[in-house]
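This report refers to the structure that appears directly beneath it.
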Amino acid sequence: MEAIGVFGLKLGSTLSFCCQTNLFSACKLYRFPVISYPRKHAHFVSLKATANSLACQDEANNRNFRKPFPSTWDHQSLVANLDFSQMDALGREIEALKPQVRNMFISSKGIKKKILFTYLLVTLGLAYHFEDEIVETLKDGFQKIEEMMAGEDDLYTVSVIFYVFRTYGYNISSDVFGRFLGDHGEFKECLTRDPKGILSLYEAAHMGTTTDYILDEALNFTLSNLESLSCTCKPNLSRLIRNSLGLPQHKNMEILVAEEFIRFYEKEEDSDLTLLKFSKLNFKFLQLHYLQELKILSKWYKEQDFHSKLPPYYRDVLVELNLHTLTYLEPKLSRVRIFLTKFYTMQIILDDTCDKYASLREVEILVDIFERWDLEDHAMDGLPDYLKSVVKFIFGTFQEFEREIGSELGGLYSLEATIEYVSNRNDFFLETT
């Protein structure tokens, strides 16, 4: 299968769908982005909402409500005619190329080259394939950081090394950028001759903490130059700059960063064809994997039968909620993404019920049920049928979590904490009703 034919979604007429039990269990991530604390106070703005719903009346319950507009994406039609049969072939090609890419990584001359290669793996969405090698490289590199950075005056190299170490939780000093300051403590204007280096410095500047004052200067310097540089540099780099100005890499989803960087890397003169092919195959595989998960969720959502059980006051936004979970890139985190989507759906149903439809008395009864976490029939006395359906859905979802998570982890501490979180939100529902 050629890589050129897999970068992008293909539609087909047949469907070969994996069983839900084949999904990987959630595993601990090795890579945790460092927390970037804002160096300035946030500015809040007041927005006036535009109409996003239609006025409706429920004659049976004698109440008015606003019906949300339909979702932009229909989850059932999105997954109805997809062809997953190519996933096995993709998986085999990925496994065949992985040793070659690993050898490219290991055979890179020196720690510095390996860290630069790590950056490529991160931005191409491939780092999860080589976590052990990356962790070992950074561990060794950090012990030799002073020796490695001595005499290095290339802005791109220094910025990338800083970005990679901070991304993987190493507290590399921001003083490494002091070599690029002039006599008056400002970044040298000659640096603007290197658009790629300026972009890398801009990305690195977002990895700062409250005490990294030099990164404040770096951010101001890069912001004042990148817009003009994007008009004079090559179109390929210009597009990357404009996208980064819209949303820096550190704050973006890894899968979206990978999509953009693959297009950029493909047009670079020094791009490696093996690495490019591997990244395209991997991206296509991830696309299909995410769509498999959406198919599971679509089936689950249909089984809940909200359409017949609830008045149409709730937002039908399964795809949007699922998109939030794609911050977890790896295929092995399927269960995490699926469970989070179900949890977000539960929150949407509960929030819309209390905010848009339920009476104050109904919310008070609902709060009491959740505070006692009691699903006995007598506990729901006085509730209308639609609200009983909401309660049963929420309890049923938690029971599913208990079955799936508790049997594997041997303990339900995380589930108990989640139940406590939901219970504690009840005062908020009362305040906003």
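All of the numbers you see were taken from the coordinates with simple rules; none came from a lab. Given the structure is predicted, the values throughout are model-derived calculations rather than measurements. Heads up, the Cβs are rebuilt from the backbone with ideal geometry, glycines too, and the neighbour counts pull from every protein chain shown.
Name the trypsin sites (Lys or Arg not before Pro) in the range 95-141 that are in a loop by DSSP and that have at most 15 other C-beta atoms within 10 Å, would you?
Sparse-neighbourhood loop trypsin sites (Lys or Arg not before Pro): LYS109.
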Filtering GluC sites (Glu not before Pro) in the range 107-172 by DSSP loop and by at most 11 other Cβ atoms within 10 Å leaves none
With the charge dipole of the range 118-174 built from beta-carbon charges (+1 for Lys and Arg, -1 for Asp and Glu) about the Cα centre, the Cα from ILE134, GLY169, TYR119 projecting farthest to the positive end belongs to GLY169
One would report the Cα pair-distance distribution of the range 63-200, bin width 5 Å, in %, as 2, 8, 14, 15, 12, 10, 8, 7, 7, 6, 5, 3, 1, 1, 0
With +1 on the Cβ of every Lys and Arg and -1 on the Cβ of every Asp and Glu, the dipole magnitude of the range 294-339 about its Cα centre, in debye rounded to the nearest 20, is 140
Interchain or sequence-distant (5+) residues whose placed amide H lies within less than 5 Å of the amide H of PHE187 are GLY182
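Any idea what the dipole of the range 89-281 comes to, in debye rounded to 20, about its Cα centre with Lys/Arg Cβ at +1 and Asp/Glu Cβ at -1?
Numbers: 22 positive and 30 negative charges, 127 e Å.
Dipole size: approximately 620 debye.
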1/(1 + (r/R0)^6) with r = Cβ-Cβ of GLU268 and GLN143, R0 = 30 Å, i.e. FRET efficiency to nearest 0.05, evaluates to 0.45
From the Cα centre of the range 263-313 to that of the range 92-107, the distance in Å is 23
Given unit charges at Cβ for Lys, Arg (+) and Asp, Glu (-), the dipole magnitude of the range 113-200 about its Cα centre in debye, nearest 20, is 200
Karplus-derived 3J(HN,Hα) from phi for the range 153-170 (6.51 cos²θ - 1.76 cosθ + 1.60, θ = phi - 60°), whole Hz, x at Gly and Pro, runs 10, 8, 4, 4, 4, 4, 5, 5, 4, 4, 4, 5, 4, 5, 4, 8, x, 8
Exposure-ranked with fewest Cβ neighbours within 10 Å first, ILE161, ILE262 stand as ILE262, ILE161
Counted neighbours (other Cβ, 10 Å), sorted fewest up, put SER359, SER279 in the order SER359, SER279
Ordered by number, the trypsin sites (Lys or Arg not before Pro) in the range 147-235 that occupy a DSSP loop and have at most 16 other Cβ atoms within 10 Å are LYS188
LEU181 and GLU376 label points (each 7 Å along its Cα→Cβ direction) are spaced in nm at 6.9
